[in-house]
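Here is the structure we will look at.
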Amino acid sequence: MLIKTIPEALIYEMANGKPIYYRGYKEVLEKRKKIEEIMSCSSLQALLIARIIKFLNRSLDDNLWEVFTNEMGVQIKKGVTRACDIAIFEKAQLADYQYNDKLFSLAPKIVIEVDTKADMEDETTPLDYYFKKTQELLDFGVEKLLWITTESQKIMLAMPNHDWITSDWNTEVEIVPNLKLNVAELIK
């Protein structure tokens, strides 16, 4: 079976015990690309994440919030792992947390995703991947999830028990009370 021949390093996330590979994994297997090429992000994605991190670190109260990045992984349950571009925790959540060499076992309050590196060939539509990942994170306990897409320049805001809202980059989106993010302004 093909899955047994695919190196674990090419797995981006897991959903219901099934691997979700990095987009471009087949080119790596065919030796047309190196693994670093498919794991890397675009220059626009890198700029957005860097500016959002800078904005959050400047704007959030260090005594109340902790911001993590670098595709931080969460273990939702056995066989379900997800990567988060930016994860924001309340410091109180982390007071007794034992950091280790495993994925986070608790849900961030807020997750911000910029595009995705996932191969979506097994999905009916690319939106299915976004919707499934979003719902899993919300069910896990994430209270707010923002998807920022670079190609369409859209933001999707999802919260439990609310309609998910899609808007343009120039729309202000509340991250925490009294703190709004405007993606268009960040990249001017």
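Derivation of every value follows stated rules applied to the coordinates shown; laboratory data play no part. Note that the structure is predicted; figures quoted are calculated from it, not measured. Backbone-built Cβ (ideal geometry, glycine too); neighbour counts: all protein chains shown.
General observations
- Filtered residue count, the stretch 150-182, keeping only those that are in a strand (DSSP E or B) and of a type in the set (S, T, N, Q): 2
- Some residue of the stretch 64-75 being surrounded by 11 or more Cβ atoms within 10 Å (Cβ to Cβ), closer than 16 Å to D119 by Cβ, in contact with a helix residue (DSSP H, G or I) (Cβ under 7 Å, 6 or more places away or on another chain) and not polar (S, T, N, Q): no
- So P126, is it touching a Cys at 6+ places or on another chain (Cβ under 8 Å) and either in contact (Cβ under 8 Å) with a residue 12 or more places away in the chain or of a type outside the set (A, V, I, L, M) (or both): no
- Taken together, E185, E136, E121 contain a single residue that is closer than 18 Å to R23 by Cα and not in a strand (DSSP E or B), which is E121.
- In the stretch 111-152, the qualifying residues are those that are small (G, A, S) and surrounded by fewer than 18 Cβ atoms within 10 Å (Cβ to Cβ), and the one that is nearest to the chain's Cα centre (by Cα) is G141.
- Checklist (1) touching a helix residue (DSSP H, G or I) at 6+ places or on another chain (Cβ under 7 Å); (2) surrounded by fewer than 19 Cβ atoms within 10 Å (Cβ to Cβ); (3) closer than 21 Å to V74 by Cα applied to L186, failing item: (3)
- The stretch 95-110 - residue that is out of contact with any helix residue (DSSP H, G or I) (no Cβ under 6 Å at 6 or more places or on another chain) and surrounded by 15 or more Cβ atoms within 10 Å (Cβ to Cβ) and, of those, farthest from L181 (Cα to Cα): F104
- The residue of the stretch 6-48 that is surrounded by the most Cβ atoms within 10 Å (Cβ to Cβ), among those that are closer than 15 Å to A83 by Cα and aromatic (F, W, Y), is Y21.
- Any chance K78 is closer than 27 Å to A184 by Cβ and either out of contact with any helix residue (DSSP H, G or I) (no Cβ under 7 Å at 6 or more places or on another chain) or surrounded by fewer than 17 Cβ atoms within 10 Å (Cβ to Cβ) (or both): no
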